There are 2 protein chains.
Amino acid sequence: MFYIIGLGLCDEKDVTLRGLEAIKNSTRVYLEAYTSILMIQKERLETFYEKPLILADRDMVETQSDDILRDADKEDVSLLVVGDPFGATTHTDIILRARNLGIPTRVIHNASIMNAIGACGLQLYNFGQTVSLVFFTETWKPDSFYDKIKENTDLGMHTLVLLDIKVKEQSEENLARGRKIYEPPRYMSIPLAISQLIETEQSKQTGTLSPDSTLAIALSRVGGGDTQQRIVSGTLTELSKQPPDIFGEPLHSLVIVGKRLHHLEVDYALDFAVNKENWRKVAKEVYGCILDD
Amino acid sequence: MFYIIGLGLCDEKDVTLRGLEAIKNSTRVYLEAYTSILMIQKERLETFYEKPLILADRDMVETQSDDILRDADKEDVSLLVVGDPFGATTHTDIILRARNLGIPTRVIHNASIMNAIGACGLQLYNFGQTVSLVFFTETWKPDSFYDKIKENTDLGMHTLVLLDIKVKEQSEENLARGRKIYEPPRYMSIPLAISQLIETEQSKQTGTLSPDSTLAIALSRVGGGDTQQRIVSGTLTELSKQPPDIFGEPLHSLVIVGKRLHHLEVDYALDFAVNKENWRKVAKEVYGCILDD
């Protein structure tokens with residue numbers, strides 16, 4: 001059996017009992033290292049599982065899937081994935097390949113940011129499509145995310161914005177010289193994400209995002225408990241002016257609040273607001289929420 | 001500490017290690033019985049956890065939350081929820097109440113249908129808002145779901161349709177006589193769901209749903225492994241004509257496929273198609289997918 005096992009969001013204790021059982025019974029266990037990051041190191045997982053883990057980067061999962069699947073018709077092999085196997089990056093390719101090889105497959109689900117984002121208090125029902133925001137460079141500012149946010153906000157839906165991470169990047173020099181030396185990982189911060197959103201709004205000028213009257217909620221380390229998880233709400237301007245450490249450690253996500261905002265959602269996120277008075281004011285005056293005084 | 005713990009989708013082994021630890025350390029453990037159903041009985045959970053479970057129905061969670069929260073500032077109390085605590089029914093009310101009482105709270109996330117629906121092979125990215133479809137009666141046919149499906153499909157997004165369940169219903173006679181006798185639970189089937197969708201289309205006439213050229217994917221017991229999980233894809237007409245047992249046991253969900261359909265999504269769901277040739281034909285001719293011949 002080939003297992004693809006979601007590890008959930010934080011650490012070694014977020015695996016399910018079914019997932020742990022499959023890991024324990026597997027002859028080889030791969031840990032996918034590229035789509036996202038757990039908040040802990042590989043070694044801690046190995047100690048906990050009492051199993052060595054084989055790191056599988058993007059290349060390996062995409063181009064060497066037959067190596068991963070080897071003998072999985074005769075013994076159990078597991079691929080561990082942060083979040084859920086059908087989260088931001090799906091694993092349909094390797095499942096299709098297993099299917100073609102006649103290898104039975106089982107997916108063991110877990111929480112991913114796509115559902116745990118509900119922790120911000122907004123109804124998952126009212127989220128539209130999810131967008132990804134990549135690091136802008138001087139010459140490359142892909143902005144298709146903006147049109148999707150516009151489609152969502154025009155209908156009043158909330159938007160989950162996933163912020164870029166860069167791992168295993170090579171400098172141009174190292175790349176040119178063929179040296180496999182990698183830069184330290186980079187994670188997009190909330191203020192940078194907001195500045196890219198505003199920059200795109202300023203060039204597109206559709207009024208979809210307004211620095212002072214669009215509400216947003218920033219989240220980091222969702223599911224990590226009080227010591228790790230941070231949720232901060234406010235207007236785009238308010239959030240962009242916060243000191244970076246208020247947002248906690250990466251990974252960060254940002255929710256753009258849609259106009260179908262319910263007063264209970266306003267109340268729930270009030271607790272996380274940079275400026276409670278202004279949070280309620282904008283919810284009332286811009287979003288049209290009817291709130292108690 | 002007050003814990004709200006997601007149990008995941010299927011059975012006792014879908015709890016996370018963190019969740020199980022919290023359950024074991026709790027002096028009282030409530031099991032929320034209304035928002036969804038696990039595929040197993042309460043007694044099996046009790047045996048597995050070695051803990052008695054207190055059933056908490058909708059009334060209790062909504063109106064007697066202070067009973068549930070009693071002493072949670074001094075000891076650990078857990079509320080178990082099928083799926084994720086922020087799934088279809090959020091638990092923001094009881095968390096807000098805990099917050100007001102100064103009781104520390106921790107949410108332990110898990111998979112819910114809102115992210116595990118990715119098992120059908122469609123990208124979660126491209127789902128719009130989620131809708132709920134309730135049982136129509138002779139005189140009550142609420143159709144707000146239709147406008148939401150239209151909003152999604154107009155933009156090419158997929159729609160997750162959650163099908164109604166009725167538990168703890170009383171007959172009119174038992175209700176009138178004040179007898180607390182409940183009808184057996186009812187779960188909406190895929191063919192019934194489709195007939196309600198078509199009925200609404202026929203009355204609204206916007207061309208959003210077409211029996212022969214709208215593709216859909218029916219899912220049941222997502223995450224339940226090969227012995228339980230069923231995924232069936234086809235046009236609305238094709239799905240409506242299948243014998244009910246092809247769809248497996250409840251709970252069922254239905255995905256209306258949006259026009260932003262990728263050829264890899266078509267390939268993945270081909271395996272589940274009632275009529276593979278027609279699945280590809282509609283994907284090509286109606287959805288405009290470019291497929292290999």
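The values are calculated or read from the model by the stated rules, or taken from the named source; none is laboratory data. Because the structure is a prediction, the values reported are computed rather than measured. Cβ: placed from backbone, ideal geometry, glycine included. Neighbour counts: every protein chain shown.
Scan the range B:7-17 residue by residue and report those that are at the interface with chain A (Cβ under 7 Å from one of its Cβ atoms) and buried (at least 23 other Cβ atoms within 10 Å of the Cβ).
Those that are at the interface with chain A (Cβ under 7 Å from one of its Cβ atoms) and buried (at least 23 other Cβ atoms within 10 Å of the Cβ): B:GLY8, B:LEU9, B:ASP14, B:VAL15, B:THR16.
Listed here are the residues, each with its yes/no results for (1) surrounded by 14 or more Cβ atoms within 10 Å (Cβ to Cβ); (2) of a type in the set (Ser, Thr, Tyr); (3) within 13 Å of chain B (Cβ to nearest Cβ).
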| position | (1), (2), (3) |
| --- | --- |
| A:ALA22 | yes, no, yes |
| A:ALA33 | yes, no, no |
| A:GLN41 | no, no, no |
| A:ARG44 | no, no, no |
| A:TYR49 | yes, yes, yes |
| A:ASP73 | yes, no, no |
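Based on this model, can you work out whether B:GLN129 counts as assigned to a loop (DSSP other than H, G, I, E, B), buried (at least 21 other Cβ atoms within 10 Å of the Cβ), assigned by the TED database to the domain that holds B:HIS252 and touching a Phe, Trp or Tyr at 6+ places or on another chain (Cβ under 7 Å)?
Here the answer is yes, as B:GLN129 does meet what is asked.
Name the pairs whose Cβ atoms lie under 9 Å apart, with the first residue in the range A:143-157 and within 13 Å of A:VAL255 (Cα to Cα) and outside the structural domain of A:SER210 (by the TED database), the second assigned to a helix (DSSP H, G or I) and of a type outside the set (Phe, Trp, Tyr), and 6 or more positions between them or separate chains?
none
Given the conditions (1) surrounded by fewer than 16 Cβ atoms within 10 Å (Cβ to Cβ); (2) at pLDDT 90 or above; (3) among the polar types (S, T, N, Q), which single one is not true for B:ASN110?
(1)
Is there a residue in the range A:236-251 that is in a helix (DSSP H, G or I), surrounded by 15 or more Cβ atoms within 10 Å (Cβ to Cβ), touching a helix residue (DSSP H, G or I) at 6+ places or on another chain (Cβ under 9 Å) and of a type in the set (Gly, Ala, Ser)?
Yes, the range A:236-251 contains a residue that is in a helix (DSSP H, G or I), surrounded by 15 or more Cβ atoms within 10 Å (Cβ to Cβ), touching a helix residue (DSSP H, G or I) at 6+ places or on another chain (Cβ under 9 Å) and of a type in the set (Gly, Ala, Ser).
Which residues, taken from the range B:103-115, are outside any loop (DSSP other than H, G, I, E, B), within 8 Å of chain A (Cβ to nearest Cβ), within 16 Å of the chain's Cα centre (by Cα) and hydrophobic (A, V, I, L, M, F, W, C)?
B:MET114
Quick one: which of B:LEU209, B:LEU219 is on the phi < 0 side of the Ramachandran plot and either charged (D, E, K, R) or outside any loop (DSSP other than H, G, I, E, B) (or both)?
B:LEU219
So which residues in the range A:121-172 are more than 8 Å from chain B (Cβ to nearest Cβ), within 23 Å of B:SER132 (Cβ to Cβ) and in contact with a helix residue (DSSP H, G or I) (Cβ under 6 Å, 6 or more places away or on another chain)?
Passing the criteria: A:LEU122, A:HIS158, A:THR159, A:LEU160.
Given the residues A:GLY83, A:GLY118, A:GLY87, which is the only one that is in contact with a Gly (Cβ under 9 Å, 6 or more places away or on another chain), over 21 Å from A:ARG18 (Cβ atoms) and facing chain B (nearest Cβ under 9 Å)?
None of the others qualify; the one that does is A:GLY118.
I'm checking my understanding of the structure. Among residues of the range A:281-293 that are assigned to a helix (DSSP H, G or I) and not small (Gly, Ala, Ser), which one is nearest to A:LEU133 (Cα to Cα)?
Among those that are assigned to a helix (DSSP H, G or I) and not small (Gly, Ala, Ser), it is A:VAL282.
Conditions tested, residue by residue: (1) of a type in the set (Asp, Glu); (2) modelled with pLDDT of 90 or more.
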residue	(1), (2)
B:SER26	no, yes
B:GLU32	yes, no
B:GLN41	no, no
B:PHE48	no, yes
B:LYS51	no, yes
B:ARG58	no, no
B:THR63	no, no
B:ILE68	no, yes
B:ASP73	yes, yes
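Given (1) in contact (Cβ under 8 Å) with a residue 40 or more places away in the chain; (2) more than 23 Å from B:VAL82 (Cα to Cα), where does B:GLY223 come up short, assuming only one miss?
Looking at each condition in turn, B:GLY223 falls short on (2).
Just the residues that are part of a strand (DSSP E or B) and either modelled with pLDDT under 95 or more than 14 Å from chain B (Cβ to nearest Cβ) (or both), please, taken from the range A:254-280.
A:LEU254, A:ILE256
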